[in-house]
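The values are calculated or read from the model by the stated rules, or taken from the named source; none is laboratory data. Since we're looking at a predicted model, the values are computed, not measured. Cβ atoms come from the backbone with ideal geometry, glycine included; neighbour counts cover every protein chain shown. In case anyone asks, the SASA skips ligands and DNA or RNA and just uses the protein heavy atoms, side chains included. Shrake-Rupley method; radii C 1.70, N 1.55, O 1.52, S 1.80 Å.
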Amino acid sequence: MEDAFIITGGKKLIGEVLLSGAKNVSLKVIIASLLYNTEVMLKNVPKITDVVELLDLIKELGGRAEFIEKNTVVIDGKNLKKNRVDLLHASKIRVSFMLFAPLLYKFMSCYVPNPGGCRIGARPIDRIVEGMKKLGVKIDYDSETGYYDARMSQKPTGSYRFQKPSHTGTELLILLSVFGRDRITLENCAREPEIDELIRFLNAGGARIKRDGSRITIDSVTHLRSVSPFAITSDRNEAVTFATLAILTKGDVTIGAADTSHLESFIKEMKGVGAGVEKINDKTLRFYYSGPLRSSQIETSPHPGFMTDWQPNWAVLMTQAAGESVIHERVFENRFSYVEELRKLGAEIDYVKVPVRDPTEYFFFNFDSGKKYNQAIRIKGPQTLHGGVLNVSDLRAGATLVLAALIAQDESVVNGASIIERGYENIVNKIKELGGEIEKM
Ligand code: EPU
């Protein structure tokens with residue numbers, strides 16, 4: 001079966017696009033819904049492959065998990081009957097390991113495989129496992145089966161300080177702490193807005209979770225009461241993709257349902273390179289081409305910094321900027337898989353070494369001084385890109401190749417459409433409605 005987008009570049013993208021619900025909020029809120037004793041209804045859930053996979057995983061465990069309307073999902077974990085997470089489904093989605101929390105509360109023990117997801121680094125869960133242990137969970141890994149065996153003999157208690165922040169790690173420990181024995185404190189937590197959305201969902205059901213910067217305290221409650229329906233906020237990564245497309249194609253795109261407060265570091269950089277940005281209101285942003293772009297120096301970091309998920313898009317943008325741009329990736333150690341693909345289109349990008357005083361401190365992955373890393377690229381622009389046959393390796397890199405193909409001079413084939421569809425709802429229609437030429441094969 002074909003799994004490709006055929007794209008003809010060169011059209012200006014103009015018009016309005018309405019963002020879908022956030023993938024990285026939906027997935028966690030769906031899992032958190034299993035902590036309720038009642039049915040939970042979620043609105044504005046994107047119908048993307050990652051969500052569908054997670055729903056299948058929950059159904060396989062005995063729970064109810066289904067789309068009842070276009071973007072409305074119902075979750076009911078009352079009848080979960082298995083405590084062993086299916087290896088095949090779990091290997092496809094990173095967040096499957098967050099099922100530790102509802103399964104431990106339901107069965108006091110569970111078997112969860114090492115998580116899957118995009119290959120953008122080693123992505124170990126050592127900090128997360130350490131945090132679970134600190135809260136009183138006994139957990140062992142069997143390297144032969146690839147499963148974690150977790151047990152809980154009493155309610156979680158205590159505190160944990162992340163050596164370095166982890167986004168989903170923070171979220172899992174929050175879920176584990178909701179019905180703790182007493183107050184649980186988590187320190188040096190990640191501060192991504194998706195985590196705040198998860199907290200908002202749990203607090204709406206009666207949980208008592210407070211965030212103060214990177215410190216989160218969770219006072220225990222005995223149960224959560226149903227709050228349905230709960231509406232998922234919009235996807236900031238999708239917002240960045242369409243904003244970048246607007247500028248790249250010398251177009252003018254108004255983005256609706258955006259949460260502008262989650263995009264500040266991106267907007268600042270966009271303005272810095274000379275892109276037109278207009279905040280129409282709290283939920284609507286306009287991005288328009290307003291003249292030649294300037295080069296930039298970017299380093300990624302967790303929120304409130306410039307997000308790692310945005311840098312692949314930014315690299316394409318910088319192929320159109322005058323001068324030399326540098327992108328330094330601090331969060332993951334393998335997030336430049338798209339570079340080779342962009343070179344196929346004629347982009348001039350090379351790896352560079354940017355000196356860092358203390359790499360162990362500077363990088364957010366577990367830095368190993370004995371290994372060689374490629375953590376920075378230099379992009380020379382402006383470049384005219386031509387068409388080519390491209391291969392998608394991970395979700396965000398995939399969206400990047402679509403952007404590049406949309407400005408390339410002739411036709412391109414982007415192989416691996418299904419990887420992009422893991423995280424982008426109706427991407428083909430949304431691009432077409434703005435005037436882009438793209439077809440799914
Ligand atoms: N890390 C460890 N050990 C751990 C946990 C993390 O070494 O126990 C490392 C990671 O390998 C990485 C760094 O710490 O190098 C930061 O990882 P983090 O745990 O914060 O990332 P994540 O939770 O795996 C989530 C998103 C990513 C997003 C990052 C950064 C979800 C499902 N995934 O990943 O989104 O890039 O946070 O905000 O929420 C995507 O949507 O395509 C995506 C990759």
Residues of the range 198-235 classified as among the acidic types (Asp, Glu), open to solvent by 20 Å² or more (accessible area, probe 1.4 Å) and either under 15 Å from Gly21 (Cα atoms) or touching a residue at least 12 places away in the same chain (Cβ under 8 Å) (or both), total: 1
Positions within the range 158-179 being buried (at least 19 other Cβ atoms within 10 Å of the Cβ) and among the small types (Gly, Ala, Ser), in sequence order: Ser166, Gly169, Ser177
Residue list for the range 183-212, filter: in contact with a strand residue (DSSP E or B) (Cβ under 7 Å, 6 or more places away or on another chain) and more than 14 Å from the ligand (Cβ to nearest atom): Arg183, Ile184, Thr185, Glu187, Ile199, Phe201, Leu202, Asn203, Ala204, Arg208, Ile209, Lys210
Positions within the range 69-110 being touching a residue at least 12 places away in the same chain (Cβ under 8 Å) and part of a strand (DSSP E or B), in sequence order: Thr72, Val73, Val74, Ile75, Asp76, Arg84, Ser109, Cys110
Residue match in the range 213-223 (condition: within 16 Å of the ligand (Cβ to nearest atom) and within 24 Å of the chain's Cα centre (by Cα)): yes
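Could you identify the single residue in Gly416, Gly423 that is within 16 Å of the ligand (Cβ to nearest atom) and at positive phi?
Working: Gly423 fails: at positive phi.
Step by step, each of Gly416, Gly423 is checked, and only Gly416 is within 16 Å of the ligand (Cβ to nearest atom) and at positive phi.
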Pairs where the first residue, in the range 353-367, is in contact (Cβ under 8 Å) with a residue 24 or more places away in the chain and the second is assigned to a loop (DSSP other than H, G, I, E, B) and more than 10 Å from the ligand (Cβ to nearest atom), C-beta under 6 Å, 6+ apart: Tyr362/Val356
Total residues in the range 238-265, condition of a type outside the set (A, V, I, L, M), modelled with pLDDT of 95 or more and either closer than 18 Å to Gly436 by Cβ or surrounded by 20 or more Cβ atoms within 10 Å (Cβ to Cβ) (or both): 10
Any hit, the range 281-297, residues being under 20 Å from Leu403 (Cα atoms), assigned to a helix (DSSP H, G or I) and at pLDDT 95 or above: no
Some residue of the range 18-39 being under 30 Å from Gly251 (Cβ atoms), in a strand (DSSP E or B) and open to solvent by 10 Å² or more (accessible area, probe 1.4 Å): yes
Scope the range 48-68; condition closer than 17 Å to Arg84 by Cα and either open to solvent by 60 Å² or more (accessible area, probe 1.4 Å) or in a helix (DSSP H, G or I) (or both); matching residues: Glu53, Leu54, Leu55, Asp56, Leu57, Ile58, Lys59, Glu60, Arg64
Given (1) within 16 Å of the ligand (Cβ to nearest atom); (2) touching a residue at least 60 places away in the same chain (Cβ under 8 Å); (3) buried (at least 18 other Cβ atoms within 10 Å of the Cβ), number of the condition Asp126 does not satisfy: (3)
Glu324, sole failed condition from (1) open to solvent by 20 Å² or more (accessible area, probe 1.4 Å); (2) away from the ligand (no atom under 14 Å from the Cβ); (3) assigned to a helix (DSSP H, G or I): (3)
Strands (runs of 3 or more DSSP E) wholly inside the range 378-441 containing at least 3 residues that are over 19 Å from Val240 (Cβ atoms) and open to solvent by 50 Å² or more (accessible area, probe 1.4 Å): 437-440
Selection within the range 339-372 - surrounded by 14 or more Cβ atoms within 10 Å (Cβ to Cβ) and assigned to a helix (DSSP H, G or I): Val339, Glu341, Leu342, Lys344, Pro359, Tyr362
Residue within the range 366-375 that is away from the ligand (no atom under 16 Å from the Cβ) and of a type in the set (Asp, Glu) present: no
Which numbered condition Glu329 fails, given (1) within 16 Å of the ligand (Cβ to nearest atom); (2) open to solvent by 70 Å² or more (accessible area, probe 1.4 Å); (3) without any contact (Cβ under 8 Å) to a residue 60 or more places away in the chain: (2)
Qualifying residue in the range 91-102 (condition: more than 13 Å from the ligand (Cβ to nearest atom) and surrounded by fewer than 22 Cβ atoms within 10 Å (Cβ to Cβ)): yes
Meets criteria (more than 16 Å from the ligand (Cβ to nearest atom) and surrounded by 14 or more Cβ atoms within 10 Å (Cβ to Cβ)) for Ile280: no
Among (1) more than 25 Å from Ser412 (Cβ to Cβ); (2) crowded, with 19+ Cβ neighbours inside 10 Å - the single one Leu13 does not satisfy: (1)
